[in-house]
Amino acid sequence: MARVSQAHLDARRRQILDAAERCFARNGFHATSMQDVLKEADLSAGAVYRYFSGKDELIRAIVGEVLGVVVEVYAEAEGESLAPLPDELVPRVLRRMKAARPGRTESGEWLFPRLLVQAWTEVLRNEELAAQVREGYERVLGSWREVVRGYKDAGIMPQDADADALARAMIAMAQGLVTQIAVLGATPEDMEKALTGGVRALMSMQAPRLEGSQLG
């Protein structure tokens, strides 16, 4: 019997994961059955179960990949001597995610945000996944803290600025962006423009000057 190459095994595993991603993004984790995945992948049950024991293992693998992309794109910013300011950095993160995971549904929607939202909802009932997501979140948070430290070292942010608070705020902004794409139907291109302009406007705000009569 001819020996199956590692490249073939990897390609088949990728084929199964891609099919499962399309099913999960379209119907959600709970409404998707293994039969749906078999049909989408155009493979027999034996071929699929050789790689994954069932739907839960598929979900863990996909959530792990989704988190891996998020962690990787933020780690790139951490590795720079001075990352771009947030009005450029957060939209760039979105572009990197699109480049890393460009898959789309049959209707043309970007798969990745839908999978992220699915992952967030799944952690509410699955403690193992919750631990996986928390670990990824802490890694992203650490990357953002390093970016903030770079801003401080460059003298463009006060030394007493709360790096942890800003890191959490930036992550919340990115999560909100993903939610608007997945839930409200916003396009990545429109959200990128809105995010750039919105963050830039926030960065330009200044406290109002009080009139003399208000100072007392």
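The values are calculated or read from the model by the stated rules, or taken from the named source; none is laboratory data. None of the values given here were measured: they were computed from a predicted structure. Here the Cβ positions follow ideal geometry from the backbone for every residue, glycine too, while neighbour counts run over all protein chains shown. Please note that ligands, DNA and RNA were not included when accessible areas were found on the heavy atoms of the full protein model with its side chains. Shrake-Rupley method; radii C 1.70, N 1.55, O 1.52, S 1.80 Å.
Exactly one of these conditions fails for Val140: (1) at pLDDT below 85; (2) closer than 20 Å to Glu76 by Cβ. Give me its number.
Unmet for Val140, out of (1) at pLDDT below 85; (2) closer than 20 Å to Glu76 by Cβ: (1).
For segment 81-111, enumerate the residues that are open to solvent by 60 Å² or more (accessible area, probe 1.4 Å) and among the acidic types (Asp, Glu).
Of segment 81-111, the ones open to solvent by 60 Å² or more (accessible area, probe 1.4 Å) are 81-82, 85, 88, 95-96, 99, 102, 104, 106-107, 109.
Once the filter is applied, which keeps residues that are open to solvent by 60 Å² or more (accessible area, probe 1.4 Å) and among the acidic types (Asp, Glu), segment 81-111 yields Glu88, Glu106, Glu109.
Can you tell me which residue in segment 154-178 is nearest to the chain's Cα centre (by Cα), limited to those that are over 14 Å from Val90 (Cβ atoms) and in contact (Cβ under 8 Å) with a residue 12 or more places away in the chain? Lay out the reasoning, then the answer.
Restricting attention to segment 154-178, the residues satisfying the condition of being over 14 Å from Val90 (Cβ atoms) are 154-165.
Next, only the ones that are in contact (Cβ under 8 Å) with a residue 12 or more places away in the chain stay: 154, 156, 161, 163-164.
Working: Ala154: 28, Ile156: 27, Ala161: 26, Ala163: 21, Asp164: 19 Å.
Within segment 154-178, the match that is nearest to the chain's Cα centre (by Cα) is Asp164.
Of the residues that sit in segment 49-80 and are modelled with pLDDT of 85 or more and open to solvent by 70 Å² or more (accessible area, probe 1.4 Å), which one is nearest to Gln118 (Cα to Cα)?
The residue in question is Arg60.
Of all residues in segment 3-31, how many are touching a residue at least 60 places away in the same chain (Cβ under 8 Å) and of a type outside the set (Phe, Trp, Tyr)? Break it down into steps so the answer makes sense when it comes.
Residues of segment 3-31 that are touching a residue at least 60 places away in the same chain (Cβ under 8 Å), as a first pass: 18, 21-22, 24-26, 28-29.
Okay, now just the ones that are also of a type outside the set (Phe, Trp, Tyr), so 18, 21-22, 25-26, 28.
Residues in segment 3-31 being touching a residue at least 60 places away in the same chain (Cβ under 8 Å) and of a type outside the set (Phe, Trp, Tyr): 6 in total.
Output the residues belonging to segment 45-63 that are in contact with a helix residue (DSSP H, G or I) (Cβ under 8 Å, 6 or more places away or on another chain) and over 15 Å from Leu9 (Cα atoms).
Those that are in contact with a helix residue (DSSP H, G or I) (Cβ under 8 Å, 6 or more places away or on another chain) and over 15 Å from Leu9 (Cα atoms): Ala45, Gly54, Lys55, Leu58, Ile59, Arg60, Ala61, Ile62, Val63.
Output the residue which, of all residues in segment 135-160 that are of a type in the set (A, V, I, L, M) and outside any helix (DSSP H, G or I), is farthest from Ala172 (Cα to Cα). Break it down into steps so the answer makes sense when it comes.
The initial filter retains those residues of segment 135-160 that are of a type in the set (A, V, I, L, M), namely 140-141, 147-148, 154, 156-157.
With the extra rule that they be outside any helix (DSSP H, G or I), the set shrinks to 154, 156-157.
Details: Ala154: 24, Ile156: 22, Met157: 20 Å.
Result: Ala154.
Which of the residues belonging to segment 16-48 are under 26 Å from the mean Cα position of the chain (by Cα) and open to solvent by 20 Å² or more (accessible area, probe 1.4 Å)? Full working, then the answer.
As a first pass, look at segment 16-48 and keep what is under 26 Å from the mean Cα position of the chain (by Cα): 16-34, 36-37, 40-41.
Scanning segment 16-48 gives Asp18, Arg22, Arg26, Asn27, His30, Ala31, Ser33, Met34, Asp36, Glu40.
Could you figure out which of (1) at pLDDT 85 or above; (2) among the basic types (Lys, Arg); (3) open to solvent by 90 Å² or more (accessible area, probe 1.4 Å) isn't true of Arg209?
(1)
Do any residues in segment 58-74 that are in contact (Cβ under 8 Å) with a residue 40 or more places away in the chain have Cβ atoms under 6 Å from those of residues that are part of a helix (DSSP H, G or I) and of a type in the set (Ser, Thr, Tyr), where the two are at least six apart or on different chains, and which pairs are they?
Note: pairs meeting the criteria are Tyr74/Ser143.
State the number of residues belonging to segment 2-15 that are closer than 25 Å to Trp120 by Cα and surrounded by 14 or more Cβ atoms within 10 Å (Cβ to Cβ). Lay out the reasoning, then the answer.
Of segment 2-15, the ones closer than 25 Å to Trp120 by Cα are 13-15.
If we keep only those that are surrounded by 14 or more Cβ atoms within 10 Å (Cβ to Cβ) as well, we get 13, 15.
Counting residues in segment 2-15 that are closer than 25 Å to Trp120 by Cα and surrounded by 14 or more Cβ atoms within 10 Å (Cβ to Cβ) gives 2.
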